[in-house]
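A short worksheet on the structure shown next.
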Amino acid sequence: MEAVCDGEEPEVVTQACLLSEFSEKGEARALINSLPDIHHDPVSREATIEKFVVIMDRYQEQPHLLDPHLEWMLNILLEMIRNEKSPPLMVHLCFKFLYIISKVRGYKIFMQLFPHEVSDVLPVLDLLCRQDPKDTETWETRYILLLWLSMTCLIPFDLSRLDGHLSTDPGLNRESIMDRILAVAKSFLRVSDKSRDAASVLVSKFVTRPDVKLKRLGDFLDWCLTTISQTSEITMEGTVTLDGALQSLAQLFKHGKRDDFLQYAPTVLQCLNQKRIAESNQATLRKLGVKVVQRLGLTFLKPRLAKWRYQRGSRSLAVNLAQSSVTGSVEATKTDLESVSQEEDYDIPEDVENIIEQLLVGLKDKETIVRWSSAKGIGRVTGRLPKQLADEVVESVLECFSFQETDNAWHGGCLAFAELGRRGLLLPSRLSDVVPLIIRALTYDEKRGACSLGSNVRDAACYVCWAFARAYEPSELKPYVNQIASALVIATVFDRNITCRKAASVNILSPQGTFPHGIDIVTAADYFTVGNVNNCYLTISVYIAGFEEYTKSLIDHLVHMKVNHWDGVIRELATKALHNLTAQAPEYMANTVLPQLLPMATGMDLHRRHGAILACAEITHALYEIATQKNRDPVIAFLHPDLVFSCLFFSVCGLIEKLSLSKMPFKDDPVITGWQWLIDDSLKNLHLFSSGARRGIQDSALSALAALCRQYYQVEPGVANVEMQDQLVSQYLSALMSPEVLTRCGCALALGSLPPFMIRGKLQKILPGLQAACKVVQKAESQTEARRDAATAMSQVCVAVGVCAQGSPDRVLCEGNIRPVYEALLGCMNDYSMDSRGDVGAWVRAAAMSSLMDVTLLVVASAPELLSSDLVQRMMCCLVQQAAEKIDRYRAHAGTVFLRLLHSTDPAVPHVPHREELLSIFPPETGNSLNWNAASQAFPHITQLLRLHQYQYHTLLGLTVSVGGLTESTVGCITSSQPLKHSSPSVATLFSLERLKVYFAKNRNLTFIKVSVPLLKMVDQILANGCFDHPFCVELLALCKEEIKKSKDVQKLLSCVAVFCGMVQFKGDVRQKVLVQLLMLLCHPFPVVSPLALVLCPRFNSDSIVSLGESDIATVRTHRNQLCDWLGLPRPILVTKVTHLGN
């Protein structure tokens, strides 16, 4: 914005999408010429069509560029169609291409290029008659043929000449050409595809021929009216039929001569009134009804140009410039209408009143297409009325803007005024009534449920401004230009809808230089800049408010319309905008705006109260900043204290923060106790708020707490009020033991947000309390969020107090208290808690990683000697383990922290194991570009750490969790890595017996509850790759047996089954023992029979396997014993439980 305001080029250069010519003509010609070769191949045919559609769609907004090339494309395709050797499939394909071209260029232009010789009538008609109207694959063929037939009907010869001796030879039963075409048109007016639209065009061209209208016009209109009267819209077929009949009527009355149709107009109007089309449930039928009604109105009224209409200058640019150079302004001129024989006071048919009434009702329709058609009808019909009647129409349109009307009526009224103004039918004398309504429409916003209505009204109001600017002389709009300018500027920067903001921005320069500071404003708030709502509220509005014409109007709009907006985002943006705008009018803010906001802060409307309180906070803080800059007393410079006290009881945390930052003179005042209570109550009762609001309330309360402590709890700079220090620290530490998890979260973060002077002297109480809150307590409810926030708060406390190697453990991070901090954070790195939400322990691990990075970089910068080699080694190993995580975002977070510590050079982190090898694997330039979110990039680097002794265990543990996860792509990336891809002695070394024992032993721990099953799955993967030898598997079998002993975890049982099956590959005792275990599991009470049977029962067919799975345990045991005999294995013996009864 600064660059724009200073006249510099903006950083973002908008690339225009304008085309200069049909540059793909060669490719288009090649595609068309390839049709004979590819039409039989469905794949090639679809690909060719898609390519042609992509080419043509580029010219949707500039279709005129195709005009020089339409003829040759049409000729090539018609030549293929006319070729008798062309198969039907190719003919249909050619018509599909013709439709694609007509869709882009528009059928009105494209159909004029069709050949329309006499010789074309019968071939086109015969080909059309051979089409199947029910074939959904060839509707493009029927559509183009109907358009082609519409052009051939324009031949200037009587169609009876094409019938030959039909009329004179009574022995012939053939239909005449005229009847055939009418029959075809009627049949296609009933179809449900786009051919219906082309059939209505055919009717308008054919029935209005001189020879046809004499013989068939009355009959065809009777057919249409009969169809309308007898058809019900309840069914889809009825709706389609009504659509076709109404379309044909609209086209006929549009293209036909008034003298020919005037006699039928009353009958048609009566039929429509009886049918009550306006009450139909189908928007398309209501739209067509409006179209027919307005065409009937134009038929009733004589074609005339109203002498009373307003005309702006000459349509010649040269004449306007000549007059401008002489007079300095262009005077309104009047077109010479003497040649038009018309009377001002001629009789108006009574039916016109009915028609205008229907059009006015259409302005209030619930569908936009109906309102838009009604508005155009109002403009067309009013242009043929006398001045007095036209003014009555304007008066009726004004009634649409009552607040008793819905947004539909407001939208329709705006469209009608735009049409009337554009046609010069809204006289300048009416602008005093219309302009205030349009200005209200520019800010129209009506809440409806959880959303609001009115964006279409505001957009239409912008269209009215556009139309007025081009319809009236600047002198006519001069009395209203400031009002319109302010309203448009407000819509440009403060409208919630991006479409409305852009629509308003393009109107800023419309009133031909009369817009105050229009050039400057449109430079800063152009069409593309206003796309970002934050930029509009916080930057552009400040620039525009620099012009005094707009300052107060912008502020007043925010106060009255946006501070109480239903959308919370808009309310917050509005309050921030008021903060930024305060510098433009500080006196107005203090003396006018704040007194208006304070009663709003005590109102019943929650939205209004919330916005008003935030606005008070932002304005108060802004006034303090302004007063500080001017070296004036920050309290009495602008505000009287009574204004603030009146709303303290209703304040929120945001207000407390801003008032504290504003250094209000409330030290030792009882109100501070109320503020502190409100903050504490918010933090301790977060569970009472909705999940969506908790984070915002918590952050606001923490910010308020920090600001409050800095301003009111310091006896002198850096020295805390001992009483308040003891009170706050003790209550927050005791709340860490609360059974409510969100209370723990809020109070833990509260300890972390305390200023340094509030922590010093209490550090030996705060750190142990947070460390205890980080620990996992068995057989307790899930406190995952509390552990996460405690880990975060611990680093915040350490960063706040700083580091001093020989300092006091109660005041700074030093040799006496650093190890417990690292122990607690490293313990959090092993949190693998699970609940219904999934791996919630990942939240704790992520917070611990961030905290370790912050604390380590802090210690390294001040006292690196405090970091012992064992702490650094454990930290780096834990980070490596997390960098092998299967969840992308946590893996990326761990990788980022790991590389930040590894690449830290000013100063470097001491005692990093294998630093040189790590830098060779993760060089600084590669590390910065490495995408940790992509498993295919991350794991090839991670698996290289298996070569480094001190990282082997944790790397393998992290990979184990990932390989045993559910993400197939992650598993594939790991198992395809070189160390795990082929049989290798190193793998057996990595998976040594001692390591597996450690894994399974740690699995008994709650924090490792999710490692057991992934470990078994990984062992299965390695067995499948043939990486283990025979002796190792003997001990592996024993470990697996011990792991599933008395287990009721189905996933663990199935994973062990998979490992057992993988161990069947080894011969000798291992295979015998594995088979015994599998046979024993056949009779397990859990449903794991089917997969086992598939492996063990090659003699059984699938039906036997299914029957085995559905059998009872005794039957399964019988089959199991039979398998033991076949395999030469001892039958398992069922051990009977012995119960000892006491005396």
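Observations on the model:
- Sites residue 903 and residue 53, calculated FRET efficiency, Cβ-Cβ separation with R0 30 Å, nearest 0.05: 0.05
- Cα-based convex hull, the range 760-870, per residue volume (Å³, whole number): 89
- Per-selection Rg to Rh, the range 817-871 - Cα, Kirkwood hydrodynamic radius: 1.09
- Here the Karplus curve 6.51 cos²θ - 1.76 cosθ + 1.60, taken at θ = phi - 60°, turns the phi angles of the range 377-388 into couplings of x, 4, x, 5, 5, 4, x, 10, 9, x, 4, 5 Hz, with x standing for Gly and Pro.
- Shape call, the range 672-808: gyration tensor on alpha carbons, a/c limit 1.5: oblate
- Counting only protein heavy atoms and a probe of 1.4 Å, the accessible surface of the range 171-292 is 46% carbon and sulfur.
- Around the amide H of residue 447, modelled in the peptide plane, lie the amide H atoms of 453, all under 5 Å away and 5 or more residues distant in sequence or on another chain.
- Computed about the Cα centre, the dipole magnitude for the range 121-242 is approximately 260 debye when only Lys and Arg (+1) and Asp and Glu (-1) carry charge, each at its Cβ.
- Extending 7 Å from Cα along the Cβ direction at residue 21 and again at residue 630 yields two label points whose distance is 6.5 nm.
- Heavy-atom surface of the range 411-562, accessible at 1.4 Å and reported per residue (Å²): 36
- Pair residue 1048, residue 30: separation of 7 Å Cα→Cβ label points (nm): 7.1
- Between amide H atoms placed 1.01 Å from N, distances below 5 Å from residue 720 occur with 715, all of them 5 or more places distant or on a separate chain.
- Label-to-label distance, nm, for residues given as residue 161 and residue 232 (7 Å Cα→Cβ offset): 5.0
- Given +1 at the Cβ of Lys and Arg, -1 at the Cβ of Asp and Glu and no other charges, the dipole of the range 779-898 around its Cα centre is 180 debye to the nearest 20.
- Surface analysis of the range 223-320 yields an accessible area of 48 Å² per residue, using protein heavy atoms and a 1.4 Å probe.
The values are calculated or read from the model by the stated rules, or taken from the named source; none is laboratory data. Owing to the predicted nature of the structure, the values given are computational and were not obtained by experimental measurement. With ideal geometry, Cβ positions are generated from the backbone for all residues, glycine too; neighbour counts draw on all protein chains shown. For the accessible areas, the whole protein counts, side chains as well, though only heavy atoms, and no ligand, DNA or RNA atoms are used. Shrake-Rupley method; radii C 1.70, N 1.55, O 1.52, S 1.80 Å.
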